[in-house]
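Q: I have a structure I would like to understand better, so I am pasting it below and will then ask my questions one at a time.
Please treat every number below as a calculation from the coordinates, not as lab data. All figures in this text were calculated on a predicted structure; none of them were measured in a lab. No Cβ is skipped: glycine too gets one built from the backbone with ideal geometry, and neighbour counts run over all protein chains shown.
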Amino acid sequence: MRKRSFFGLSGPRFNYELATAAVGDPVAIPIPETVTLYIKQELKRTSSILKVGTPVKTGQRLVLDEGSEICTISSVTGTICAIAPFLADYGRAWTAVSIKTEGKDTADTEFAGASEPPSLDTLNRYLAACPGEPNIGPLMDERNPVHTIVITGGNSDLLIDTSLYVLKNNADAVNSGIEILRKTTGIEEIVIVVPEESVQNYSGHLDARIQAVSSRYPYAQPLMVLHHLTGRLPDERGMAPMGVCLIRAEAVAAIGQAFSTGRLPVEKTITVIDKNGVKHLARARVGTPVGNLLKTFGVEINDRDKIIFGGPMTGSAIFSEDLPIGPDTDAILVQDKSVIPLYSDYPCINCGDCVRICPANVPVNMLVRFLEAGQYADGADLYDLYACIECGLCSYVCSSRIPIYQYIKLAKYELDRIISAEEMNEQ
Ligand code: SF4
Ligand code: SF4
C-alpha cells in the first residue's frame with residue numbers, strides 16, 4: 001500500500017521527445033531472410049501443431065497446441081525452419097519460432113472470416129500479439145470490470161519518437177480502433193494521454209478525451225499516468241481491481257487497421273538511436289533481426305558496445321544483434337563502449353540522491369537494501385515498493401551505480417509470481 005504522497009522532482013530535468021521535430025517518415029526495412037517470433041509459452045515437448053517444414057502465411061495465428069490461447073502472428077509468408085526454447089527476461093520460458101521467408105506475401109484469411117461482427121473474443125484471439133501488444137486480458141475479466149480505457153500516447157522513455165509518431169500519423173486507424181473498443185467492450189470512457197506540449201497535434205482529430213500530462217519525464221510513464229488519473233497505483237494485486245485498462249496508441253491503431261482491412265498488421269514502427277544520439281524511424285516486420293535495422297542506418301557494433309531495447313532510463317540490454325524486434329519493441333538504442341555507465345557492486349553510500357529525485361517519494365535508499373538481499377516482501381511492506389512508477393531515475397543518479405531499477409522490476413516480478421502461485425493453489 002502506498003504510504004507517502006507524491007512530491008515534485010528535483011535534480012536533473014528531462015523532457016520527452018514530442019515527435020514534432022523533423023525525424024522524417026519511417027524507413028521501410030526490407031523483409032529479412034528469416035524472422036523469429038516468440039510464443040510466450042514454454043516448449044515442454046514437441047509442438048502438436050508447429051513443425052519444422054510447416055508452411056505459414058502472413059497474418060497466420062501460430063500456437064503450440066490445439067486450443068491454446070497463447071499465440072504469435074506470423075509476420076511473413078514462408079516455412080518454419082526452427083522451433084526452440086527461449087529464455088526471456090527474468091528467466092521466463094518462451095518458445096522461439098523461426099520462419100524462412102519467401103519473396104512475396106500470401107495473406108492468411110482466417111482473421112477476415114472471424115472479424116465480423118467484432119467481439120472481445122476475436123480481439124483476444126487475434127490481436128494480442130500484434131504491434132503494440134494490445135492488453136485485452138483485463139477487458140475480459142468479469143470479476144474486475146473495467147470502466148476506463150486509457151490510451152498511452154506518450155513515449156515510454158526519453159529519446160523515443162514511436163508512440164507520438166503513430167498517434168500523429170495514424171489518426172484514422174486510431175479512431176477505428178477506438179470505435180472497435182467501444183463496440184466490443186461497451187466502455188464509453190476512453191482517454192488518450194499525451195504530453196501537454198503536443199496536445200495541439202491531436203485535439204479535434206481523435207474520438208476520445210485528450211488528457212494532457214507534463215512533458216517532463218516521467219509524467220507520461222504508464223504508472224505515473226495511472227496515478228494522475230486515479231490518484232492510486234496498483235498494489236500486489238496488480239491493476240485488475242482498479243477498473244482501468246492501459247493500451248498503447250500503436251496497439252489501438254493496430255486494432256483499427258485490422259478490422260478496417262480484414263488483415264492483421266505485422267509491421268512495427270521503431271525509433272533507432274545510434275551511437276551519436278541521432279534518431280531514425282523505421283518500419284519493419286515483427287521478428288526482424290536487430291542487426292538488419294542497425295545495418296540500414298549504418299550503425300556498426302563493436303566488442304563491448306551495448307544494444308538496448310527501449311530508452312536510456314528503462315530499457316533492457318540484449319546480448320545479440322540476431323535477436324528479433326518484438327511487437328512491443330518501441331526503440332533500439334546503441335551505446336558505444338566508451339560511454340556505457342557500468343553498474344558496480346559498491347555498497348550504497350547513503351547519499352540520498354535517489355530519494356531526492358524519485359517522483360513517487362519512495363525511500364529508495366532503504367528499499368534497495370532489502371531488494372539486494374532478496375527480501376522482496378519486506379521491501380514492499382516497509383519501503384513502498386509498489387509506489388514505484390518504474391521510471392529508472394534513481395538508477396540514473398545513483399553514485400554507487402547500483403542497478404536499482406532492475407532490482408525493483410525483479411522484485412515486482414518475483415512477488416507477482418509468488419502471489420499467482422498462491423492463488424492457483426487456493427483454487
Ligand atoms: S524507478 Fe526509482 S526513482 Fe523511479 S519511481 Fe521507482 S524508486 Fe522512484
Ligand atoms: S543514490 Fe545510490 S548510493 Fe545514493 S542513497 Fe541511493 S542507492 Fe545509496
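Q: log10 I(q)/I(0), Debye, Cα-only region 208-327, no solvent, q = 0.14, 0.15 Å⁻¹?
A: -0.84, -0.94
Q: Assigning unit charges at the beta carbon (Lys, Arg +1; Asp, Glu -1) and nothing else, what dipole magnitude in debye, to the nearest 20, does region 86-237 show about its Cα centre?
A: On the way: 12 positive and 21 negative charges, 46 e Å.
Using only the charged Cβ atoms, the result is roughly 220 debye.
Q: Hey, another quick one. Using θ = phi - 60° and the Karplus relation 6.51 cos²θ - 1.76 cosθ + 1.60, list the HN-Hα couplings for region 171-176 in order, rounded to whole Hz, with x at every Gly or Pro.
A: Once θ is set to phi - 60°, the couplings for region 171-176 become 4, 5, 5, 5, 5, 5 Hz.
Q: By average Cβ neighbour count within 10 Å, what is the ranking of 157-163, 416-422, 270-276, 61-67 from highest down? Mind showing how you got there, number by number?
A: Working: 157-163: 24.3, 416-422: 11.9, 270-276: 20.4, 61-67: 15.3.
Ranking the peptides 157-163, 416-422, 270-276, 61-67 by packing returns 157-163, 270-276, 61-67, 416-422.
Q: Now for a separate question. Mind listing the phi-derived Karplus ³J(HN,Hα) values for region 109-119, rounded to whole Hz, using 6.51, -1.76 and 1.60 with θ = phi - 60°, and x for any glycine or proline?
A: 10, 4, 5, 4, x, 9, 7, 10, x, x, 9
Q: In µm²/s, what is D for region 104-144 at 25 °C and 0.890 mPa s, where D = kT/(6 pi eta Rh) by Stokes-Einstein and Rh is the Kirkwood radius from Cα pairs?
A: After rounding, the answer is 212 µm²/s.
Q: Taking a 22 Å limit on the Cα-Cα distance, which of the listed pairs Lys295/Lys337; Lys44/Lys104; Lys168/Lys306; Lys40/Lys275; Lys57/Lys183; Lys168/Lys409 fall beyond it? List each step's numbers first, then the result.
A: Working: Lys295/Lys337 18 Å; Lys44/Lys104 33 Å; Lys168/Lys306 31 Å; Lys40/Lys275 31 Å; Lys57/Lys183 29 Å; Lys168/Lys409 31 Å.
Over 22 Å apart, Cα to Cα: Lys44/Lys104; Lys168/Lys306; Lys40/Lys275; Lys57/Lys183; Lys168/Lys409.
Q: Taking only the alpha carbons of the chain, what extent do you get along each of the three principal axes, in Å, biggest first?
A: Projected onto its principal axes, the Cα set of the chain covers 59, 52, 51 Å.
Q: OK, next. Please state the charge dipole magnitude for region 353-426, taken about the Cα centre, from unit charges on C-beta atoms (+1 on K and R, -1 on D and E), reported in debye and rounded to the nearest 20. Walk me through the numbers on the way to the answer.
A: On the way: 6 positive and 11 negative charges, 96 e Å.
Taking the Cα centre of region 353-426 as origin, the dipole is about 460 debye.
Q: What distance in nm separates the simple spin-label points at Ser320 and Ser68, each placed 7 Å from Cα in the Cβ direction?
A: With each label placed 7 Å out from Cα toward Cβ, I get 2.0 nm.
Q: Report the label-to-label distance for Met366 and Ile418 in nanometres (one decimal), using points 7 Å from each Cα along the Cα→Cβ vector.
A: 1.9
Q: With viscosity set to 1.002 mPa s at 20 °C, what whole-number translational diffusion coefficient in µm²/s follows for region 353-426 from Stokes-Einstein and a Kirkwood radius over Cα pairs?
A: Working: Rh = 12.5 Å.
This corresponds to a translational diffusion coefficient of 172 µm²/s.
Q: Another question, if that's okay. Which of the peptides 46-52, 404-410 is most tightly packed, and how do the rest follow, judged by the mean count of other Cβ atoms within 10 Å per residue?
A: Details: 46-52: 14.0, 404-410: 20.9.
Going from most to least packed, we get 404-410, 46-52.
Q: Please give the contour-minus-distance gain from Glu142 to Arg45: 0.36 nm per residue of separation, less the Cα-Cα distance, rounded to one decimal in nm. Walk me through the numbers on the way to the answer.
A: Details: separation 97, 0.36 × 97 = 34.92 nm, distance 3.31 nm.
Contour length minus Cα-Cα distance gives 31.6 nm.
Q: Once you measure Cβ to Cβ distances between cysteines in the chain, which Cys have no partner under 4.7 Å?
A: Here Cys71, Cys81, Cys130, Cys245, Cys348, Cys351, Cys358, Cys388, Cys391, Cys398 come out as lacking a disulfide-compatible partner, given the Cβ-Cβ threshold of under 4.7 Å.
Q: Given region 46-196 reduced to its alpha-carbon atoms as identical point scatterers, what log10 I(q)/I(0) does the Debye formula return at q = 0.18 Å⁻¹?
A: -1.27
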